[in-house]
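The structure appears right after this line, and notes come after that.
The values are calculated or read from the model by the stated rules, or taken from the named source; none is laboratory data. None of the values given here were measured: they were computed from a predicted structure. Here Cβ is always computed from backbone atoms with ideal geometry, including for glycine, and neighbour counts include all displayed protein chains.
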Amino acid sequence: MTDENNEASPPQPIVIQSGAVLPVEESVPAQTDDTTTPQPAKSTADGLGRAIEHYETLNAQSDPGGALSLIALIFLFGGPFLAFSSMDSFMDLEEAGNVCCGGILIGLVLVLIASSQSNAYQKEVRQAFDAVKAEANVRAPPKTQTNILIGVVLMLFGFTMFFSNRNLFLLGIIMIAAGVVVASLGNANNNKKSRQQVLNQAKLVLSQRKDE
């Protein structure tokens, strides 16, 4: 019976007592390095300084399409003027038409090339100017549109004369050209004043950030 009870009883677990003490990990304080601490004020001042320098460098350059635009205007208005002024003296109607149309076509091609060059340059200047505004967190003042409106009115009168009366053909061309010049110069003058004001404010902000 004793042997049967021993065989029927479940096995007893063996408990092993240990006096070993687990090591405690020592907490190591995190090392702080002052050289890696971000300095937003100084970084922003450096970024603003680089943006101002980049804009002033681009703005000091001449527009690459300016000289080509003048040549285009000579062909645009010189061709028709030469054709109409010389038609009765040493040009017949066909030759005058060829000179007029040829001058206009050459002028238009030169205008497209000059516009492409000028637009690429102005786009780069605008991007540099926008970077200055963003770094300095300033806004451009509102622009006056008086010169642009005057230019549009002159161009409308010029087109009216150009198509309504053949005797006013040259006067219409002159008024159209005057309208383009007035609108362009007015827009350029407004942009120059606005950008100069923003640039002065940005330089003031840069001086304040450097003093912090």
Counted residues, the stretch 147-179 - those being at pLDDT below 80 and under 30 Å from Asp130 (Cα atoms)
2
List the pairs whose first member sits in the stretch 60-82 and is within 15 Å of Cys101 (Cβ to Cβ) and in contact (Cβ under 8 Å) with a residue 60 or more places away in the chain, whose second member is in a helix (DSSP H, G or I) and among the hydrophobic types (A, V, I, L, M, F, W, C), and whose Cβ atoms are under 6 Å apart, counting only residues at least 6 apart or on separate chains?
Pro80/Cys100
Flag if Val205 is among the β-branched types (Val, Ile, Thr), surrounded by 13 or more Cβ atoms within 10 Å (Cβ to Cβ) and either modelled with pLDDT of 85 or more or closer than 30 Å to Glu53 by Cβ (or both):
yes
Across (1) within 30 Å of Val198 (Cβ to Cβ); (2) part of a helix (DSSP H, G or I); (3) not hydroxyl-bearing (Ser, Thr, Tyr), Pro64 clears everything bar (2)
Name the pairs: first residue in the stretch 185-204 and without any contact (Cβ under 8 Å) to a residue 60 or more places away in the chain and within 13 Å of Phe129 (Cβ to Cβ), second residue of a type outside the set (Val, Ile, Thr) and surrounded by fewer than 16 Cβ atoms within 10 Å (Cβ to Cβ), Cβ to Cβ under 7 Å, at least 6 apart or on different chains?
Ser194/Ala140; Ser194/Pro141; Ser194/Lys143; Gln197/Pro141
Which residues, taken from the stretch 140-155, are in contact (Cβ under 8 Å) with a residue 12 or more places away in the chain and either more than 21 Å from Val180 (Cβ to Cβ) or in a helix (DSSP H, G or I) (or both)?
Ala140, Pro141, Thr146, Asn147, Ile148, Ile150, Gly151, Val152, Val153, Leu154, Met155
Based on this model, can you work out whether Gly79 counts as farther than 30 Å from Leu206 by Cβ, modelled with pLDDT of 50 or more and out of contact with any Leu (no Cβ under 9 Å at 6 or more places or on another chain)?
no
Which condition does Ile52 not pass, out of (1) β-branched (Val, Ile, Thr); (2) farther than 16 Å from Ala177 by Cβ; (3) without any contact (Cβ under 8 Å) to a residue 40 or more places away in the chain, if it passes all the others?
(3)
Residues that are out of contact with any Gly (no Cβ under 8 Å at 6 or more places or on another chain), closer than 28 Å to Ser184 by Cβ, at pLDDT 85 or above and surrounded by 13 or more Cβ atoms within 10 Å (Cβ to Cβ): does the stretch 37-48 have at least one?
no
Given the criteria more than 24 Å from the chain's Cα centre (by Cα), at pLDDT 85 or above and among the β-branched types (Val, Ile, Thr), does Ile104 qualify?
no
Within the stretch 90-121, which residues are of a type in the set (A, V, I, L, M, F, W, C), farther than 12 Å from Leu76 by Cα and surrounded by fewer than 16 Cβ atoms within 10 Å (Cβ to Cβ)?
Phe90, Leu93, Leu112, Ile113, Ala120
